[in-house]
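A.B. asks: One structure, as structure tokens, below. Some questions next.
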Amino acid sequence: MAYREVTMIEVKEVLRQWLSGHSRKAMARWIALDRNTIRRYIQVAEGCGLRVAEGVDALTDEKLSEVLAVLGTGPGRPHGEGWAICEKHREKISKLIEDRIRLTKIRKLLLRQGIDVTYPTLHRFAYSELGFGKRRLTIPVDACAPGEELQLDTGLMGMLEPGEDGKRRRFKAFIFTSVCTRHRFVYPVFTECTADAIEACEEAWKYFGGIFRVIIPDNTKAIVETADPLDPLINLTFQEYAQKRGFFIDPTRVRSPQDKGGVERAVQSTRDDCFAGEKLHTLEDARRWALAWCANEYGMRRHTTTQRIPLEHFGAEEKATLKPAPTDVYEVPLRATPKVHRDQHVSVAKALYSLPRVFVGKTLEAVATRTTVCLYDNRVLVKVHPRKLPGERSTDPSDFPKEQAAYAMRDIDFLKRQATEHGEAVGRFAEALLEGPFPWTRMRRVFALLGLCKRYGSARVEEACTKSLAVGLADVKRLGRALKNGPAPPPSVGTDRVIPIARYLRPKSQYTLQPAKRGPSRNDKGDTA
């Protein structure tokens, strides 16, 4: 015989008709219940103090609750043999569930040990006795004030129609939802980077007509670099943008959709209701369609939670509480971590910028805007350069030693001043070396001239340069040979050194070679000559 649960309404109807004086047979025909069931309900009601003489007015809510409580404590349906087997091995099943093993696998492991229990019985036992499959209870958070919180989520929306190349392209969307009024803004994008997040926020402020005080994003890498329940690491570029626009960032926890329940289901609903089945060819088409959908369809549809139309609710209570919308255009800075090379330059956006020698080999942080490039070492500003186009160079002469700076900057006048410091003729000789077009191509000759001054002294080089200029000779190599082969400086005046006579001096006869005496020569035939 099938088991049917009797509802509270049916129990109340049985008691009401009984107190009205109806017979059990009539009640069974009217309510479609078995007479034995009706008899049991009447016995419980009499045990709770109800009498027919008191009439229907005696059936108060308190009495009905008392009767239902007694009926609920009955024996109910008895468990079978499988349930007893599960009770016997409760600890073993509980341990397997705690190890996050699937219930189907648990049944297989039990069968290997000779424990045969059907899967439905095992599932009912694990669900009712061990808490398997039950979700943790949640507590709804009190609603925020108007203009305070804006929840943000991202998701894949679909694909555009084939372009000129015949290929389709996927696109995503940033979805902004007001926590208070559920008003929504959708901004489609191709990529999900920090610049796209800032661009979407800027368009959201225009759409809403103001800035919310707090943004609650998910853990997208465009905003949150490292997720943490207590101290998440926010992307520096987006953090700087939030400081500029005056709002706070409160990221959700990882895999915790309850932290932003007002927007989590918005990804699926936006994808299915806004973009599904639409013929969109470009990203601009998707953005125009999303804007129209937010204003004319979703915004004019009564929300099931607030029971108000989001667009009207937002305009009536929330729009006036927002911070003023920005009037200037926010420039997204470019951030990089370049390394200072041996030439004391770093590369930022394919342009070179100089730094002092002490930073060679270090990795710095670069922040490039439209007009400037700022270089930081451990968050300390060390250099500011004007922004250059790719392929260009910005070199500060003060970053290099004077002689190297002159060579790097092609400072011809500096070389002339350096040569004049060694003598007037040396300065004129350097000017002669640099005469003609493209003087920087002969800078090495002046450096060689200055090297001769260090090697031979300024006085000798001054004299040699005077003689060379007198005959119209301006060749640094010949000048170097003249200095090398010229007369040596006179010896210094002093006492002559006395060389002592050798202690053991041999006579010269010991060094004289005496010729050897030769005998008579013989010819080939043996005759004496």
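The values are calculated or read from the model by the stated rules, or taken from the named source; none is laboratory data. On a predicted model such as this, the values are computed, not experimentally measured, just so you know. Cβ atoms come from the backbone with ideal geometry, glycine included; neighbour counts cover every protein chain shown.
Yes/no per residue for (1) out of contact with any Phe, Trp or Tyr (no Cβ under 7 Å at 6 or more places or on another chain); (2) closer than 25 Å to T220 by Cβ; (3) not hydroxyl-bearing (S, T, Y):
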position: I101; (1), (2), (3): yes, no, yes
position: R107; (1), (2), (3): no, no, yes
position: D116; (1), (2), (3): yes, no, yes
position: I139; (1), (2), (3): yes, no, yes
position: A145; (1), (2), (3): yes, no, yes
position: Q151; (1), (2), (3): yes, yes, yes
position: L160; (1), (2), (3): no, yes, yes
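A.B. asks: Among the residues of the stretch 420-447, count how many are assigned to a helix (DSSP H, G or I) and surrounded by 14 or more Cβ atoms within 10 Å (Cβ to Cβ).
C.D. replies: Restricting attention to the stretch 420-447, the residues satisfying the condition of being assigned to a helix (DSSP H, G or I) are 420, 424-433, 439-447.
Going one step further and asking which of them are surrounded by 14 or more Cβ atoms within 10 Å (Cβ to Cβ), we end up with 420, 425-433, 439, 442-443, 445-447.
Counting residues in the stretch 420-447 that are assigned to a helix (DSSP H, G or I) and surrounded by 14 or more Cβ atoms within 10 Å (Cβ to Cβ) gives 16.
A.B. asks: Check off (1) surrounded by 11 or more Cβ atoms within 10 Å (Cβ to Cβ); (2) out of contact with any Lys or Arg (no Cβ under 9 Å at 6 or more places or on another chain) for T118 and give me the number that stays unchecked.
C.D. replies: (2)
A.B. asks: Within the stretch 483-495, can one find any residue that is modelled with pLDDT of 65 or more, part of a helix (DSSP H, G or I) and surrounded by 15 or more Cβ atoms within 10 Å (Cβ to Cβ)?
C.D. replies: Taking the stretch 483-495 and keeping what is modelled with pLDDT of 65 or more, we get 483-486.
With part of a helix (DSSP H, G or I) added as a condition, the list becomes 483-485.
Filter once more, so that each one left must be surrounded by 15 or more Cβ atoms within 10 Å (Cβ to Cβ): 483.
Within the stretch 483-495, one or more residues are modelled with pLDDT of 65 or more, part of a helix (DSSP H, G or I) and surrounded by 15 or more Cβ atoms within 10 Å (Cβ to Cβ).
A.B. asks: I would also like to ask the following. Picking from R35, R24, R29, which residue would you name as being more than 60 Å from the chain's Cα centre (by Cα), in contact (Cβ under 8 Å) with a residue 12 or more places away in the chain and surrounded by 11 or more Cβ atoms within 10 Å (Cβ to Cβ)? I'd like the intermediate steps shown before the answer.
C.D. replies: Values: R35 fails: in contact (Cβ under 8 Å) with a residue 12 or more places away in the chain; R29 fails: in contact (Cβ under 8 Å) with a residue 12 or more places away in the chain.
Going through R35, R24, R29 in turn, just one is more than 60 Å from the chain's Cα centre (by Cα), in contact (Cβ under 8 Å) with a residue 12 or more places away in the chain and surrounded by 11 or more Cβ atoms within 10 Å (Cβ to Cβ): R24.
A.B. asks: Let me ask another. Please enumerate the residues belonging to the stretch 182-197 that are of a type in the set (S, T, N, Q) and either part of a strand (DSSP E or B) or buried (at least 18 other Cβ atoms within 10 Å of the Cβ) (or both).
C.D. replies: Residues of the stretch 182-197 of a type in the set (S, T, N, Q): 191, 194.
Once the filter is applied, which keeps residues that are of a type in the set (S, T, N, Q) and either part of a strand (DSSP E or B) or buried (at least 18 other Cβ atoms within 10 Å of the Cβ) (or both), the stretch 182-197 yields only T194.
A.B. asks: Kindly indicate which of T121, T60, T104 is touching a Gly at 6+ places or on another chain (Cβ under 7 Å) and either at pLDDT 85 or above or farther than 30 Å from H22 by Cα (or both).
C.D. replies: Details: T60 fails: touching a Gly at 6+ places or on another chain (Cβ under 7 Å); T104 fails: touching a Gly at 6+ places or on another chain (Cβ under 7 Å).
The match here is T121.
A.B. asks: Moving to a separate point now. Would it be correct to say that G163 is assigned to a loop (DSSP other than H, G, I, E, B) and not polar (S, T, N, Q)?
C.D. replies: Working: assigned to a loop (DSSP other than H, G, I, E, B): yes; not polar (S, T, N, Q): yes.
Considered against the rule, which asks whether it is assigned to a loop (DSSP other than H, G, I, E, B) and not polar (S, T, N, Q), G163 comes out as yes.
A.B. asks: Only one of these conditions is not met by L233: (1) modelled with pLDDT under 95; (2) of a type in the set (A, V, I, L, M); (3) surrounded by 13 or more Cβ atoms within 10 Å (Cβ to Cβ). Which number is it?
C.D. replies: For L233, the failing item is (3).
A.B. asks: Let me ask something additional. Is it the case, given these coordinates, that T282 is within 16 Å of V179 (Cα to Cα) and touching a residue at least 60 places away in the same chain (Cβ under 8 Å)?
C.D. replies: The answer is no for T282.
A.B. asks: How many of the residues in the stretch 12-27 are closer than 15 Å to R40 by Cα and among the polar types (S, T, N, Q)?
C.D. replies: Going through the stretch 12-27 one residue at a time, the tally reaches 2.
A.B. asks: Let me ask you something else. How many residues are farther than 16 Å from T121 by Cα and surrounded by 11 or more Cβ atoms within 10 Å (Cβ to Cβ) if we restrict to the stretch 66-91? Walk me through it before giving the result.
C.D. replies: Of the residues in the stretch 66-91, the ones farther than 16 Å from T121 by Cα are 66-76, 91.
With the extra rule that they be surrounded by 11 or more Cβ atoms within 10 Å (Cβ to Cβ), the set shrinks to 66-71.
Final tally of qualifying residues: 6.
A.B. asks: For E225, all conditions in the list (1) part of a strand (DSSP E or B); (2) modelled with pLDDT under 90 hold save one; what is the number of the exception?
C.D. replies: E225 satisfies all of (1) part of a strand (DSSP E or B); (2) modelled with pLDDT under 90 except (2).
A.B. asks: A further question follows. Name the strands (runs of 3 or more DSSP E) wholly within the stretch 318-409 that hold at least 3 residues that are without any contact (Cβ under 8 Å) to a residue 60 or more places away in the chain? Show your work before the answer.
C.D. replies: Working: elements: 334-336, 345-348, 351-354, 365-368, 372-377, 380-386.
The strands (runs of 3 or more DSSP E) meeting that bar are 345-348, 351-354, 365-368, 372-377, 380-386.
A.B. asks: Related question: Looking at (1) small (G, A, S); (2) crowded, with 16+ Cβ neighbours inside 10 Å; (3) modelled with pLDDT of 85 or more, can you tell me which one G451 breaks?
C.D. replies: Only one criterion in (1) small (G, A, S); (2) crowded, with 16+ Cβ neighbours inside 10 Å; (3) modelled with pLDDT of 85 or more is unmet by G451, namely (2).
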